[in-house]
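Engineer: Structure incoming, see below.
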Amino acid sequence: MGLRFFADQCVPTVVIEILCDAGYEVCCLRDYLPIESPDLVVISKAQELGMVLISLNGDFANIFDYPPSDYKGIVALQVRNHPEVLPQIVSRLKDYLSANPDLEHYSGKLFLVEVHRIRIRQ
């Protein structure tokens, strides 16, 4: 099965478009839930849909609140109040996705995508 993402409401449209243009299926939170939905509802919807959650919300990077082993995968884009780095982060993510196209690779893992690296937590 190909990579499928559930984009949190904080993910910019340009990121969603880049991923779609690269051939990935991306569903937007706003098409399934109210945009002010609590984080637990958001990640539960991603799980229900069998999708990897992608977010800029730092809460999802907390492995104590959201243990990666409980989910199909979490991609946390680490912009850290520097939106100017988003193009580099998305480029790094696209390269990684291309090299690791199997959905099962993401299951049970948190991917912290930064400008210069991707950290993986389990």
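Just so you know, all these numbers are worked out from the coordinates, no wet-lab data involved. What you see is a predicted model; the values in this text were computed from it and never measured. Glycine gets a Cβ as well: all are built from the backbone with ideal geometry, and neighbour counts include every protein chain shown.
Engineer: For segment 61-122, which chymotrypsin sites (Phe, Trp or Tyr not before Pro) are in a loop by DSSP, counting at most 16 other Cβ atoms within 10 Å? Each step should come with its number before you reach the end.
Structural biologist: Numbers: sites: 64, 71, 96, 106, 111; in loops: 64, 71, 106.
When the chymotrypsin sites (Phe, Trp or Tyr not before Pro) of segment 61-122 are filtered for loop state and at most 16 Cβ neighbours within 10 Å, 64 remain.
Engineer: Ranking 89, 120, 16, 43 by Cβ neighbours within 10 Å, fewest first, what do you get?
Structural biologist: Ascending Cβ contact count within 10 Å gives the list 120, 16, 89, 43.
Engineer: Which one, 78, 13, 49, is farthest towards the positive end of the dipole of the chain when Lys and Arg carry +1 and Asp and Glu -1 on their Cβ?
Structural biologist: The residue sitting most towards the positive pole is 78.
Engineer: Also, quick follow-up: For residue 94, list the lysines whose Cα falls under 21 Å from its own Cα; do not include residues on the same chain fewer than 8 positions away.
Structural biologist: Once the sequence-local lysines are set aside, what remains near residue 94 is 72, 109.
Engineer: Applying a 10 Å radius around every beta-carbon, put 4-11, 19-26 in order of their mean neighbour count, most first.
Structural biologist: Details: 4-11: 22.2, 19-26: 15.0.
The packing order, highest mean first, is 4-11, 19-26.
Engineer: Can you list the residues of segment 79-122 with backbone N under 18 Å from a point 7 Å past the Cα of residue 32, pointing along Cα to Cβ?
Structural biologist: The answer is 103-111.
Engineer: In whole percent, what relative contact order does the chain give with Cα contacts below 8 Å and a gap of six or more residues?
Structural biologist: On the way: 201 pairs, mean separation 31.8, N = 122.
Over the chain, the number comes to 26 percent.
Engineer: Here's a follow-up. Return 84, 48, 114 ranked ascending by Cβ neighbour count within 10 Å, so the fewest neighbours appear first.
Structural biologist: Numbers: 84 7, 48 11, 114 16.
Ranked by crowding around the Cβ, least crowded first: 84, 48, 114.
Engineer: Also, quick follow-up: Would you order 49, 97 from fewest to most other beta-carbon atoms within 10 Å of each residue's own beta-carbon? List each step's numbers first, then the result.
Structural biologist: Numbers: 49 16, 97 20.
In increasing order of surrounding Cβ atoms, one gets 49, 97.
Engineer: Place a +1 charge on the Cβ of each Lys and Arg in segment 14-122 and a -1 charge on the Cβ of each Asp and Glu, then give the dipole magnitude about the Cα centre in debye, rounded to the nearest 20.
Structural biologist: On the way: 10 positive and 15 negative charges, 71 e Å.
Charge dipole, segment 14-122, about its Cα centre: 340 debye, nearest 20.
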